[in-house]
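Structure record follows, encoded as structure tokens.
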Amino acid sequence: MSLKTFRPLTPTSRFKVLPDFKEITKDKPEKSLTTHLKKSGGRNNNGRITMRHRGGGHKRQYRIIDFKRYLRDVEAEVLAIEYDPNRTARIALLQYPDGKKTYILAPTGLEVGAKVIAGAKVDPKVGNALPLKAIPIGSAIHNIEIIPGRGAQMIRSAGSQATLASREAGGYVIVKLASGETRRINEESYATVGQVGNNDHMKVSSGKAGRTRWMGRRPHVRGMVMNPVDHPMGGGQGKSKGGGGRHHPVSPWGQLAKGFKTRRKHKPSDRFIVQRCNAKSKK
């Protein structure tokens, strides 16, 4: 993926940086692999807003992604690389010899015409899916299953990857995540070799509020400019910090917004963490 910039002929184009979409080879999605996607506007089943600053946006069709790679030991051909409005990564359309088509996340380097396969004894090439026990140490991987057979749940966003660090006795491998966390994962879990594509996604700048609205995101209002009835940090004269006597950033419900640890201790999955992302060894 590469990016394109614009001449600053208008205020909106001055800081705009957008993808050029040159890697996209097919404009419209495969109709048989799409389904209706209903918008909630950030509201729950009672109509109450539970996620602020959401609403509107362009209509979307959900692309059904094969996170399980359930067709094993059957080689598929990459027909197209497509855009997916529901995720940061690009998706690849695969076709199997019997004519069946599926979508997978497109890793870096996967091109139209390439062959990919999933199975327990396949080569560890980019785009191939195989058990962690069959992947060489030091390989970059993504689309990792946490529980064998459940389907990939980790390392799915644009440009992300994990590294297979080592193997342990007892049927586990050690995987180092991009956050720095090191975790044990069952060696029977499947993962895809390579890094998720669309590496430059983090450099994209919409340049204007309108493009953000097209994506379904409404304006984010700072608590400090609200009234005291609407936010704990609201009120005060002018730009006084922490109006109403509050001097530390908090959420609308009073929870500290910076530096406050929110992760629940002694979670069942803690026993699989070898080293946390803050680089302190687990005790």
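Miscellaneous remarks
- In the stretch 17-28, the residues that are in a loop (DSSP other than H, G, I, E, B) and either under 20 Å from the mean Cα position of the chain (by Cα) or under 27 Å from residue 7 (Cα atoms) (or both): 20, 21, 22, 23, 24, 25, 27
- Residue check for residue 40: in the same structural domain as residue 108 (by TED's automatic domain parsing) and closer than 29 Å to residue 203 by Cβ: no
Yes/no matrix, rows are residues, columns are (1) over 23 Å from residue 74 (Cα atoms); (2) crowded, with 20+ Cβ neighbours inside 10 Å; (3) free of Cβ contacts under 8 Å to residues at least 40 places away in the same chain:
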site: 136; (1), (2), (3): no, no, yes
site: 142; (1), (2), (3): no, yes, no
site: 152; (1), (2), (3): no, yes, no
site: 155; (1), (2), (3): yes, yes, no
site: 159; (1), (2), (3): yes, no, no
site: 176; (1), (2), (3): yes, no, yes
site: 184; (1), (2), (3): yes, no, no
site: 193; (1), (2), (3): no, yes, no
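- Taking (1) part of a loop (DSSP other than H, G, I, E, B); (2) under 19 Å from residue 142 (Cα atoms) in turn, residue 52 satisfies each apart from (2).
- In the stretch 258-283, the residues that are under 15 Å from residue 176 (Cβ atoms) reach residues that are modelled with pLDDT under 80 and assigned to a loop (DSSP other than H, G, I, E, B) with C-beta atoms within less than 8 angstrom, at least six apart or across chains, in these pairs: 273/282; 274/282; 275/282; 276/282.
- Within the stretch 241-281, the set of residues being modelled with pLDDT under 80 and either surrounded by 11 or more Cβ atoms within 10 Å (Cβ to Cβ) or in contact with a Pro (Cβ under 8 Å, 6 or more places away or on another chain) (or both) comprises 241, 242, 243, 244, 246.
- In the stretch 194-249, the residues that are under 24 Å from residue 24 (Cα atoms) and of a type in the set (A, V, I, L, M, F, W, C): 196, 202, 204, 214, 215
- Some residue of the stretch 45-56 being closer than 27 Å to residue 114 by Cβ, touching a strand residue (DSSP E or B) at 6+ places or on another chain (Cβ under 7 Å) and not β-branched (Val, Ile, Thr): no
- Complete set of residues in the stretch 40-63 that are surrounded by 14 or more Cβ atoms within 10 Å (Cβ to Cβ) and touching a residue at least 24 places away in the same chain (Cβ under 8 Å): 54, 55, 57, 60, 61, 62, 63
- Qualifying residue in the stretch 173-183 (condition: in contact with a Phe, Trp or Tyr (Cβ under 6 Å, 6 or more places away or on another chain), over 28 Å from residue 61 (Cα atoms) and in the same structural domain as residue 75 (by TED's automatic domain parsing)): yes
- Note on the stretch 223-264: among residues that are within 22 Å of residue 53 (Cβ to Cβ) and polar (S, T, N, Q), the one that is farthest from the chain's Cα centre (by Cα) is 227.
- In the stretch 65-79, the residues that are more than 16 Å from residue 157 (Cα to Cα) and either touching a helix residue (DSSP H, G or I) at 6+ places or on another chain (Cβ under 6 Å) or not charged (D, E, K, R) (or both): 70, 71, 74, 76, 78, 79
- Flag: residue 69 matches the condition of being under 30 Å from residue 119 (Cα atoms), assigned by TED's automatic domain parsing to the domain that holds residue 196 and assigned to a loop (DSSP other than H, G, I, E, B).
The values are calculated or read from the model by the stated rules, or taken from the named source; none is laboratory data. Model, not experiment: these values are computed from the prediction. With ideal geometry, Cβ positions are generated from the backbone for all residues, glycine too; neighbour counts draw on all protein chains shown.
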